[in-house]
Amino acid sequence: MQIDWKGEIVKRKNELLSDLKEILKIESVRDESVASEDAPFGPGPKKALVKFLKIADRDGFETLNLEGVAGHIEYGKGSEILGILAHVDVMPAGKGWDTNPFIPVIKDGRLYARGAADDKGPAMAAYYALKLIKELDLPVSKRVRFILGTDEESHWRCVNHYFDKMPLPDFGFSPDAFFPLINGEKGNVTYSVNFSGESTGKVALVDFQSGMRENMVPREAIARLSGVDFETTEKLFKKFISQNPVQGNISRKNGMITLEVIGKAAHAQEPRKGINAGTYLALFLNNFKLNGGAKAYIEFVAKMLHQDSRMDSLGMHFTDDIMGDLTMNAGIFNFRDSIGGSVVLNFRFPRGIKAAEIRNILEKKTAALSTTIKLAGKLQEPHYVPLDDPMVKTLLGVYESQTGNKGYGVVVGGGTYARLMKRGVAFGAMFPNVPDTMHQANEFIPIEDLIKAAAIYAEAIYKLIE
């Protein structure tokens, strides 16, 4: 049977965009300060899950809402299960947007909104692929479970809860990355380096804050100083800003000087793509005669973390021939005078090194600073699926036939739900040479790419379950 996959998706383009816009309007950022028993990650993620499942109910699918934290859409019959794992939660929008991040806008062929690329747009493309297969009533021999999570950007409690109650799929993919295909994902572990806050002397770091999540390069950083001359500090700060790839503001109130640095956000899987406002602000503050815990804190950030995602300063440089470099992102900074503070470090590690080794090196390098090291998030081991796996061959074959481009597998520092399955890979939806705006301001997905991805997903899903 010859099927014009893209043509069939184009027929459904307006409906796809309409459903996607409704999902994008939901501010599904985790906010546990307003959590409830039936919405443990806050009302936004649950609302997005419910909306997505209602769309599937409307289209005649069987659905399951598992206590408001995860759910699935099921199609087909058979003993084997193909899993398609996506998520409806999104990162905080942050600053720097040209439009309202939760009012979808189409400009120059691009759909702008938080979640457009990560992961609501790709999820909807994959859903419409499955919807197409259902509407064409194509013969299938396996089941498909389209699984939706609501805590992917944080701790994955959603899918952990789901798979406590439901079986893992036999094989599958996550539409939460880029094409052609990701068959390897580095390990992921987060540690918090904690400092004391005792302070004596004239100059004091009153507080220092930067970052929202450990898996984002911080765009903004702010600190307050006392005991320094404003005019002198202003002159030094303006010179610093002019010599570095950041923007900044300085002000004073009630004898306190406030410094703000603005860099560039990026996904933590490759910190070099961002400009870490926190480390740049620490680099500037390291010019002052701080003391006690503040001195140790600022020196650690400025000397050991600034522009050192490969951790040469920490003596932790490590590379695997297949999976690449061990990387570090300094994602969250908090410090208060007389109380202390922390730096939250997110590590993406390849095969050949263990999370415990990373912690041991970190403890040795910071021992003289009287710090404590704590695990501050989920621990995930490296994941790899060989390129000769039949599923991988099928996915790459579809990609090649529909795009005319060579299919290949890559290893990334990012983590997707695909790693939950022994035979799981990440497959799209971002195409090569398209700017990666995930976790950044003005996130977008090209409309044409959304349609192409849906067509690829439709043929790929069908070939995997026919």
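The values are calculated or read from the model by the stated rules, or taken from the named source; none is laboratory data. This one's a predicted model, so the numbers in the text were calculated from it and none came from an experiment. Virtual Cβ from ideal backbone geometry, glycine too; neighbours counted across all protein chains shown.
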- Query: Taking Phe333 and the conditions (1) of a type in the set (A, V, I, L, M, F, W, C); (2) assigned to a helix (DSSP H, G or I); (3) assigned by TED's automatic domain parsing to the domain that holds Glu260; (4) touching a residue at least 40 places away in the same chain (Cβ under 8 Å), which numbered condition does it fall short on, given that it satisfies the others?
  - Reply: (2)
- Name the single residue, out of those in the range 116-132 being among the aliphatic types (A, V, I, L, M) and within 13 Å of Lys11 (Cα to Cα), that is surrounded by the most Cβ atoms within 10 Å (Cβ to Cβ). Ala129
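Inside the range 65-82, can you point out the residues that are assigned to a strand (DSSP E or B) and under 13 Å from Cys158 (Cβ atoms)? It would help to see each step written out before you state the result.
Let us first name the residues in the range 65-82 that are assigned to a strand (DSSP E or B), namely 65-66, 70-75, 81-82.
Asn65, Leu66, Ala70, Gly71, His72 - these are the residues of the range 65-82 that are assigned to a strand (DSSP E or B) and under 13 Å from Cys158 (Cβ atoms).
Listed here are the residues, each with its yes/no results for (1) in contact with a strand residue (DSSP E or B) (Cβ under 7 Å, 6 or more places away or on another chain); (2) more than 28 Å from Asp436 (Cβ to Cβ); (3) among the polar types (S, T, N, Q).
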| site | (1), (2), (3) |
| --- | --- |
| Asn188 | yes, no, yes |
| Val193 | yes, yes, no |
| Glu198 | no, yes, no |
| Ala204 | yes, yes, no |
| Arg219 | yes, no, no |
| Asp229 | no, yes, no |
| Lys239 | no, yes, no |
| Gly278 | yes, no, no |
| Asn286 | no, yes, yes |
- Which of the residues belonging to the range 30-46 are surrounded by 21 or more Cβ atoms within 10 Å (Cβ to Cβ), of a type outside the set (Lys, Arg) and outside any loop (DSSP other than H, G, I, E, B)? Ala39, Gly44, Pro45
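Only one residue in Gly7, Gly68 is surrounded by fewer than 22 Cβ atoms within 10 Å (Cβ to Cβ) and at positive phi, so which one is that? Quick ask: steps written out before the conclusion?
Working: Gly7 fails: at positive phi.
So the residue among Gly7, Gly68 that is surrounded by fewer than 22 Cβ atoms within 10 Å (Cβ to Cβ) and at positive phi is Gly68.
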- Task: Can you run down the residue pairs with Cβ atoms below 9 Å, 6 or more apart or on separate chains, where the first is in the range 341-361 and touching a residue at least 12 places away in the same chain (Cβ under 8 Å) and the partner is surrounded by fewer than 16 Cβ atoms within 10 Å (Cβ to Cβ) and not charged (D, E, K, R)?
- Result: Pro350/Thr319; Pro350/Ile322; Arg351/Ile322; Gly352/Thr319; Ala355/Leu375; Ala355/Leu379; Arg359/Leu375; Ile361/Gly315
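In the range 235-277, how many residues are assigned to a helix (DSSP H, G or I), farther than 25 Å from Gly187 by Cα and either modelled with pLDDT under 95 or not small (Gly, Ala, Ser) (or both)?
Restricting attention to the range 235-277, the residues satisfying the condition of being assigned to a helix (DSSP H, G or I) are 235-243, 271-273, 277.
Restricting the remaining residues to those that are farther than 25 Å from Gly187 by Cα gives 235-243, 277.
Within this subset, residues satisfying the condition of being either modelled with pLDDT under 95 or not small (Gly, Ala, Ser) (or both) are 235-241, 243.
Final tally of qualifying residues: 8.
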- Query: Only one of (1) surrounded by 22 or more Cβ atoms within 10 Å (Cβ to Cβ); (2) part of a loop (DSSP other than H, G, I, E, B); (3) in contact with a Pro (Cβ under 8 Å, 6 or more places away or on another chain) is not met by Ile322, so which one is it?
  - Reply: (1)
- Item | Residues (closer than 17 Å to Ile262 by Cα and either outside the structural domain of Phe288 (by TED's automatic domain parsing) or assigned to a loop (DSSP other than H, G, I, E, B) (or both)) located in the range 217-234 | Pro218, Arg219
- Out of all the residues in the range 162-181, which are outside any strand (DSSP E or B) and either without any contact (Cβ under 8 Å) to a residue 40 or more places away in the chain or within 20 Å of the chain's Cα centre (by Cα) (or both)? Asp164, Pro175, Asp176, Phe179, Pro180
- Query: Quick one: in the range 376-411, which of the residues that are within 17 Å of Gly184 (Cβ to Cβ) and free of Cβ contacts under 8 Å to residues at least 12 places away in the same chain is surrounded by the fewest Cβ atoms within 10 Å (Cβ to Cβ)?
  - Reply: Asp388
- Message: Suppose we filter Leu85, Leu49, Leu53 for residues that are part of a strand (DSSP E or B) and either modelled with pLDDT of 95 or more or of a type in the set (A, V, I, L, M) (or both); which single one remains?
- Response: Leu85
- Within the range 167-208, how many residues turn out to be among the basic types (Lys, Arg) and over 26 Å from Ile353 (Cα atoms)? 1
- All but one of (1) closer than 24 Å to Tyr112 by Cα; (2) touching a residue at least 24 places away in the same chain (Cβ under 8 Å); (3) in a helix (DSSP H, G or I) hold for Glu8; which doesn't? (1)
- Note on the structure: Quick count over the range 291-344, residues being out of contact with any strand residue (DSSP E or B) (no Cβ under 6 Å at 6 or more places or on another chain) and among the polar types (S, T, N, Q), is 4
